[in-house]
Amino acid sequence: MRRLPLHAGAALTVLVCLFPVYWMITTALKPSRDIQSSEPQLVPHAWTLDHFRTAVDAPGFAQFWRNSLLVTAGAVLLSLVVALAAAFAVARMRWRGRRQFVLAVFIAQMAPWESLIIPVYIIARDTDMLDRLATLTLVYFMITLPFTVIVLRGFIATIPPELEEAAQVDGCTRPGAFRRVALPLLAPGLMATSLFGFITAWNEFAYANFLIIKNQDQRTLPVWLSSFQNTFGTDWGATMAASTLFALPALAVFLLLQRHVTSGLASGAVKG
């Protein structure tokens, strides 16, 4: 009975968080007449897939899907490679300016990236980098890099350095010891940062909207979602269907990685 308020609060929190998702999916499945009805229906009386067909048949759906995948995957991979090297240098090595570097990374993480839209736009314009997916990839890499460095630094600091030293005694070089001993134990950290980077880059709208102006074929899915608005209003059924399709990859990545994200880090070394 003492835990009942805690469970009730947790259940209420889950319901509040899941209701918008439920409303999005049910709206995507409702006929247009029910969406426009003055009486909202929590449980649809009729179901239809017409809105999903409208979303899939919309111009550029496959192209924008590919663009989002390329930009997101590129940003995540770049962030992991660079952040892994930086986090190892910060966590394992002692060098002048290390504390200042960590402080700069924390400040970069706290800075609102929306405030940099205008400088980034000016730089991209002056360097002829507008309307290019490579520009978006670099911007998303810049956004996700500080968080990735901070998280991986914490994971690397948790791994006992004696494990790597033992591997070096057995004949491994320092990079080899890190690759064979520490890197497998970093799987939870790599999964967590990959998930964060994927969701951040996949959902980002502002930079994609400002940096892709003339070449509409380079747009990503968040910008594509606004194509269901016109002078006559918003096609809410198609918008919700497109939003549902847009959310599926992020949901799939989360379900795929969540077991690794929540698993313990150092327990692998103890068990092994």
All but one of (1) open to solvent by 30 Å² or more (accessible area, probe 1.4 Å); (2) more than 13 Å from Thr200 (Cα to Cα); (3) in a helix (DSSP H, G or I) hold for Val90, so report the exception by its number. (1)
Could you grab me the full set of residues in region 43-68 that are more than 25 Å from Pro20 (Cα to Cα) and of a type in the set (A, V, I, L, M)? Ala62
With the requirement that a residue be in contact (Cβ under 8 Å) with a residue 12 or more places away in the chain and either basic (Lys, Arg) or in a helix (DSSP H, G or I) (or both), what does region 43-68 give you? Asp50, His51, Phe52, Thr54, Ala55, Val56, Phe61, Gln63, Phe64, Trp65, Asn67, Ser68
Scan of region 131-150 for residues that are more than 22 Å from Ala89 (Cβ to Cβ) and open to solvent by less than 40 Å² (accessible area, probe 1.4 Å), ordered by number: Asp131, Leu133, Thr135, Leu136, Thr137, Val139, Tyr140
Has region 201-215 got any residue that is farther than 30 Å from Ala55 by Cα, touching a residue at least 40 places away in the same chain (Cβ under 8 Å) and either open to solvent by less than 40 Å² (accessible area, probe 1.4 Å) or in contact with a His (Cβ under 8 Å, 6 or more places away or on another chain) (or both)? no
Within region 92-117, residues of a type in the set (Lys, Arg) and either touching a Lys or Arg at 6+ places or on another chain (Cβ under 7 Å) or at pLDDT below 85 (or both) come out as Arg92, Arg94, Arg98
Please determine whether any residue of region 234-244 is assigned by the TED database to the domain that holds Trp113, hydroxyl-bearing (Ser, Thr, Tyr), within 26 Å of Pro59 (Cα to Cα) and modelled with pLDDT under 80. yes
Those helices (runs of 4 or more DSSP H) lying entirely in region 146-263 with at least 2 residues charged (D, E, K, R): 161-169
Restricting attention to region 1-42, report how many residues are part of a helix (DSSP H, G or I) and charged (D, E, K, R). 2
Failed criterion for Asp57 (all others in (1) touching a Lys or Arg at 6+ places or on another chain (Cβ under 6 Å); (2) of a type in the set (Asp, Glu); (3) exposed (fewer than 10 other Cβ atoms within 10 Å of the Cβ) hold): (1)
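The values are calculated or read from the model by the stated rules, or taken from the named source; none is laboratory data. Quantities reported herein were computed from a predicted structural model and do not represent experimental measurements. Positions of Cβ are generated from backbone atoms using ideal geometry, with glycine treated the same way; all protein chains shown enter the neighbour counts. What goes into the accessible areas is simple: the full protein's heavy atoms, side chains included, and nothing from ligands, DNA or RNA. Shrake-Rupley method; radii C 1.70, N 1.55, O 1.52, S 1.80 Å.
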